[in-house]
1. One residue is enough: does the stretch 147-154 have a residue meeting the conditions surrounded by 15 or more Cβ atoms within 10 Å (Cβ to Cβ), closer than 17 Å to P61 by Cβ and touching a residue at least 12 places away in the same chain (Cβ under 8 Å)?
2. Across the stretch 73-126, what is the number of residues that are outside any helix (DSSP H, G or I) and loosely packed, with under 14 Cβ neighbours inside 10 Å?
3. Using the structure shown, decide if A109 is of a type in the set (A, V, I, L, M) and at pLDDT 95 or above.
4. When the stretch 50-72 is examined, which residues are found to be among the charged types (D, E, K, R) and not in a helix (DSSP H, G or I)?
5. All but one of (1) acidic (D, E); (2) in contact (Cβ under 8 Å) with a residue 12 or more places away in the chain; (3) not assigned by the TED database to the domain that holds E116 hold for E28; state the number of the condition that does not hold.
6. Does the stretch 55-62 contain any residue that is under 27 Å from N164 (Cα atoms), surrounded by 15 or more Cβ atoms within 10 Å (Cβ to Cβ) and modelled with pLDDT under 90?
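The values are calculated or read from the model by the stated rules, or taken from the named source; none is laboratory data. What you see is a predicted model; the values in this text were computed from it and never measured. As a convention, Cβ positions derive from the backbone with ideal geometry for all residues, glycine included, and neighbour counts pool all protein chains shown.
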Amino acid sequence: MHAVRNINLCTKDCLCLYVCPTGATDTETGQIDASKCLEGCRMCVDACPSHAISLIPEEFPPQQGKTDSVRNSLLSLAESKVKQERIAADIEENADNPILRQFAAALKASNRLMAEDLLRETGYMLPQSRNVRDLLGALLNTDQPEGFPKEAVEKLLEILIKANNKGGDNNE
């Protein structure tokens, strides 16, 4: 495990600089050099008053399998959340009442988070998931609009395939 910093939470109190035994933290760029992190050290995590630093694993566990009916139900629910997000965005954009606009903005954000969680559970937001590799491959094999980042998708797919081959086949 190595440390990562959430720049949005960082208050630049910089206690992490003083406790890190390897000097892995860089407050100018907000980056923590994972190659310098000591496995499970946690000193910067525990010292950070804004809770902007956390540990993440080097490798993620394999996704738990789901039946087709569960996966289809999750996708259907995620689709409804996307529709609700669009409706909330439309209300936010067109409402005259500031309280209604604020409520619609919160509803829009809530539906986005729920849709992301549902898609993550179906395997479409987990980099180690076969679903992600299949989706990226399908994007490359179909016509895309001008400006589509084809090279970036090809590079990402190549990285995911290499990582999958290194760690064994993940069927989900």
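1. Let us first name the residues in the stretch 147-154 that are surrounded by 15 or more Cβ atoms within 10 Å (Cβ to Cβ), namely 153.
Now restrict to residues that are closer than 17 Å to P61 by Cβ: none.
So far as the stretch 147-154 goes, no, none of its residues is surrounded by 15 or more Cβ atoms within 10 Å (Cβ to Cβ), closer than 17 Å to P61 by Cβ and touching a residue at least 12 places away in the same chain (Cβ under 8 Å).
2. So the first thing to find is which residues in the stretch 73-126 are outside any helix (DSSP H, G or I), and the list is 95-97, 123-126.
Filter again for loosely packed, with under 14 Cβ neighbours inside 10 Å, leaving 96-97.
Residues in the stretch 73-126 being outside any helix (DSSP H, G or I) and loosely packed, with under 14 Cβ neighbours inside 10 Å: 2 in total.
3. yes
4. Once the filter is applied, which keeps residues that are among the charged types (D, E, K, R) and not in a helix (DSSP H, G or I), the stretch 50-72 yields E58, E59, K66.
5. Checking E28 against (1) acidic (D, E); (2) in contact (Cβ under 8 Å) with a residue 12 or more places away in the chain; (3) not assigned by the TED database to the domain that holds E116, the one that fails is (2).
6. Filtering the stretch 55-62 for residues under 27 Å from N164 (Cα atoms) gives 55-62.
Remaining after also requiring surrounded by 15 or more Cβ atoms within 10 Å (Cβ to Cβ): 55, 62.
If we keep only those that are modelled with pLDDT under 90 too, we end up with 55, 62.
Scanning the stretch 55-62, I find at least one residue that is under 27 Å from N164 (Cα atoms), surrounded by 15 or more Cβ atoms within 10 Å (Cβ to Cβ) and modelled with pLDDT under 90, so the answer is yes.
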